[in-house]
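The values are calculated or read from the model by the stated rules, or taken from the named source; none is laboratory data. All values reported here derive from a predicted model rather than from experimental measurement. Neighbour counts are summed over all protein chains in view; Cβ atoms, including those assigned to glycine, are modelled from backbone coordinates with ideal geometry.
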Amino acid sequence: MQKSEYESLHSKYQGLLRNYEGVAQFAANDKAEFNKLRNGRESAEKEAQELKKQVVILESQTNEMRPQIESMALQINEWKNKNDAKVREIEKLKEELKRKEKGFEDKLNIANCNPH
């Protein structure tokens, strides 16, 4: 083999070696990225499963509490209606008291103006 052929082959070998090293580095980076993505996916899937379990638990608790909530809402409405009725009754009594006070004031004024 001649020196020029050797140098040519050696140059090609060096180029192929650089290409191989570049591809190997790229593959290593790609594999690392793949592993990172796979681990991220697995972690996200695990978290999603946990969240689904929590949703089921919370939905169950909500369903169990729904009758109590509805009962309490009815009771609150009943109390509100009773309270509103009492407020109306108090307002009527205030008006009646004002009328009676006015009547007593009128009688007092008449009594004070007309001594016997």
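Return yes or no: is residue 35 at pLDDT 95 or above and of a type outside the set (Asp, Glu)?
no
Can you spot a residue in region 68-81 that is part of a helix (DSSP H, G or I), surrounded by fewer than 10 Cβ atoms within 10 Å (Cβ to Cβ) and of a type outside the set (A, V, I, L, M)?
Within region 68-81, one or more residues are part of a helix (DSSP H, G or I), surrounded by fewer than 10 Cβ atoms within 10 Å (Cβ to Cβ) and of a type outside the set (A, V, I, L, M).
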